[in-house]
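One structure is given below, encoded as structure tokens.
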Amino acid sequence: MGSLEGTSAIVTGASSGIGAAIAASLAREGAGVVLAARNEARLRSVAATLTNPERHLVVVADVGDEAAVQRMVRAAVERYGTVGILVNNAGFGTFKPIVEMETEEFDGVIRANLRGPFLCMKHVLPLMYERERGTVITISSIAGKHGFAGGSAYCASKFGVMGLMECTFHEARGHNVRMVSVCPGSVDTRFFDEAHTTSPNRDRILQPADVAAAVMLAITLPEQALLRELDIRPTNPGRP
Ligand SMILES: NC(=O)c1ccc[n+]([C@@H]2O[C@H](COP(=O)([O-])OP(=O)(O)OC[C@H]3O[C@@H](n4cnc5c(N)ncnc54)[C@H](OP(=O)(O)O)[C@@H]3O)[C@@H](O)[C@H]2O)c1
């Protein structure tokens, strides 16, 4: 029997990469998982590979759309009664100098990476406060702590989410709810294909399962223990 038997989790951005790996780890430990993202076909193919596929729920939701987030949370409550774990993972990057960035591109990144976690927490935290129990994991980034040329929109969204998490940590701890920010370095996912960035060596960077293992560590620690912030980096990405 898994350590999360009887627990329910929402994972946003579960159709790919890090989110899919976290959903798989949660399912292996016995949690009922709501897999949320915009692409239903991709969500369904991930859901079909999980341990006990009948136990999980696919919900199509854009995290920047408040009505969609409310529908997602309602679906979780109808199926599982409550939400024990929220994983704010959905997100993407657009990388270019600020003078070349379209305003719509900037808004799009902020909408998914910052407004998305805000909306999910706004609608999930009341359920956790009611039970005086819960864990929120937000997948931020090393780009939430360090800036670089071309990173203005992405870093603004990830620095922003670090602030959101720091403040909600102070609000939520009095309700026994744990707020965990996870800051990965480079991870081998679709993210790199879509952002048109290059990485030193995709064989040497993190795998989605590595980030999922860090997330599971934070979730499965005894409830009085909070891993507030976690950096996970590739050990030696430059190695040939
Ligand atoms: N890969 C890296 O090097 C790296 C490093 C640090 C942090 N991160 C962070 O890790 C998270 C996951 O990224 P990944 O690397 O796993 O990339 P990925 O494979 O491209 O996955 C991104 C996921 O987010 C979903 N998504 C994007 N916008 C969404 C929206 N508005 N509403 C709902 N779902 C949305 C995508 O699904 P749909 O397109 O179907 O909606 C997909 O499931 C992101 O927050 C990213 O910033 C990645």
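Counting only heavy atoms of the protein chains, get the accessible area per residue of the chain (1.4 Å probe) and round it to a whole Å² value.
Per-residue accessible area for the chain comes out at 46 Å².
Could you state how much accessible area D203 has, in square angstrom rounded to the nearest 10, with a 1.4 Å probe and all protein chains kept in place?
Here the accessible area works out near 130 Å².
Would you mind computing Rg(Cα) / (2.2 N^0.38 Å) for segment 154-239, counting N as its residues?
That ratio works out to 1.26.
Order F148, F92, most accessible first, counting only protein heavy atoms with a 1.4 angstrom probe.
Sorted descending by solvent-accessible area, the residues read F148, F92.
With axes computed from alpha carbons, what is the tilt in degrees of helix 116-131 against the longest principal axis of the chain, rounded to the nearest 10 within 0 to 90?
So the inclination is approximately 20 degrees.
Based on the Cβ-Cβ distance of T220 and D193, what FRET efficiency does E = 1/(1 + (r/R0)^6) give at R0 = 25 Å, to the nearest 0.05?
In this case the efficiency is close to 0.20.
Considering only protein heavy atoms and a probe of 1.4 Å, how much of the accessible area of the chain is carbon and sulfur, as a whole percent?
It is 52 percent, rounded to a whole number.
Straight-line reach from K96: which lysines have a Cα under 24 Å away, not including same-chain ones fewer than 8 places off?
Correct list for K96: K145, K158.
What accessible area, in Å² to the nearest ten, does a 1.4 Å probe give for D188?
Around 50 Å² of this residue is reachable by solvent.
I need the Debye-formula profile for the chain: one equal scatterer per C-alpha, no solvent, reported as log10 I(q)/I(0) at q = 0.07 1/Å, two decimals.
Result of the Debye calculation: -0.20.
The values are calculated or read from the model by the stated rules, or taken from the named source; none is laboratory data. Being a predicted model, the structure only gives us computed values, none of them experimental. All Cβ positions, glycine included, derive from the backbone under ideal geometry; neighbour counts span all protein chains shown. Accessible surface is based on the protein model in full, side chains and every heavy atom, while ligands, DNA and RNA are left aside. Shrake-Rupley method; radii C 1.70, N 1.55, O 1.52, S 1.80 Å.
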